[in-house]
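The values are calculated or read from the model by the stated rules, or taken from the named source; none is laboratory data. Because the structure is predicted, anything quoted here is derived from the model rather than measured. All Cβ positions, even for glycine, are placed from backbone atoms using ideal geometry, and neighbour counts span all protein chains on display. Protein only, heavy atoms only, side chains kept; ligands, DNA and RNA dropped before computing areas. Shrake-Rupley method; radii C 1.70, N 1.55, O 1.52, S 1.80 Å.
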Amino acid sequence: MAVLMDGKALARKITDELRNELVSSGLRPGLAVILVGENPASAVYVRMKEKACEKLGFFSSGFRLPHDVSEDELAKLILRLNNDPDIHGILLQLPMPGHLDEKRMLSLILPEKDVDGFHPVNVGRMMVGDECFVPCTPRGIMKLLDEYDVQLKGKRAVVLGRSNIVGKPTAMLLLQRHATVTICHSRTKNLADVCREADVVIAAVGRPYFVDKSFVKPGAVVVDVGVNRVDDVEKAIELFGESSLKATKVAEKGYALCGDVNFEAVEKVASLLTPVPGGVGPLTIAMLMQNTFDSAKRFARES
Ligand code: GUN
């Protein structure tokens, strides 16, 4: 049976260390979080990010913009925040409504305040191995692998999913650590066979239970980045077993959360596996706090 990688515990440890450093620094990092529209999942994530700021004593500034806000209005807000000395990080929650050009809006954020690491300047810096803001979820994945002493040098890693938020940057970080990296996606042929070659599998496809036993080499390390909502809970339990779903969420809300990995099947073959929730998710938030603190330190140094 796989050992579970406890992201919640690691996130707590990182946050505690950060809090200690914060106290001695005397700084007050500031994070501005912008949410456009009413995507319910995004609203939950944004609230979690703001709560994390409040718990640490960061300055948190939340902006809720209507679904039909114009690009000009959003651009004006971003430019104002770029010039606000109390703000060290600006986060534009994705996805945004279709009429807004995500790439254009992200590129308006000052790279020095781009704590998500989505600005092309930071993406480029990461590509060439320069100092930059590393996207929060990929940075959290690497922390988790390090915490559990997963060796990457010379190992085969397969990243399932090619998003700019998770898949591509995670592949780049694994490459920097000397893994041999394959990125798979919806058009990849013989996906399970490719995946089964991997010592480390990162699943970030956004499809519930997608990775089953046939994808996993015995002893492989499996990181599940998916957070999928499943409404037909009865059917899912029948097909995939109770432990694939988070029972408490089912009881409270009438739906279940599950990852991209069929937990019950894969825990029998993997050596290490992340749960959902409680795996990568808490680390994303911890890394956002870390990036914001790093930014505040840099601004203090350079002012
Ligand atoms: N949407 C899903 N994940 C993220 C993230 O890490 N940052 C932002 N800004 N939007 C997201």
All positions within segment 110-130 that are more than 10 Å from the ligand (Cβ to nearest atom), among the aliphatic types (A, V, I, L, M) and in contact (Cβ under 8 Å) with a residue 12 or more places away in the chain: LEU110, VAL123, MET126, MET127
Kindly establish whether HIS88 is surrounded by 19 or more Cβ atoms within 10 Å (Cβ to Cβ) and without any contact (Cβ under 8 Å) to a residue 24 or more places away in the chain. no
Conditions first: (1) in contact (Cβ under 8 Å) with a residue 12 or more places away in the chain; (2) out of contact with any helix residue (DSSP H, G or I) (no Cβ under 8 Å at 6 or more places or on another chain); (3) under 26 Å from ARG125 (Cβ atoms). THR170 passes all but one, so which condition is the exception? (2)
Quick one: which of GLN151, GLN93 is away from the ligand (no atom under 16 Å from the Cβ) and either touching a residue at least 60 places away in the same chain (Cβ under 8 Å) or surrounded by fewer than 15 Cβ atoms within 10 Å (Cβ to Cβ) (or both)? GLN151
For residues in segment 41-63 being hydrophobic (A, V, I, L, M, F, W, C), more than 22 Å from ARG229 (Cα to Cα) and open to solvent by 30 Å² or more (accessible area, probe 1.4 Å), which is nearest to the ligand (Cβ to nearest atom)? PHE63
VAL134 within 15 Å of the ligand (Cβ to nearest atom) and either within 30 Å of ALA198 (Cα to Cα) or of a type in the set (D, E, K, R) (or both): yes
Please work out which residue is farthest from the chain's Cα centre (by Cα), limiting yourself to segment 66-90 and to residues that are over 16 Å from ALA296 (Cβ atoms) and within 14 Å of the ligand (Cβ to nearest atom). LEU74
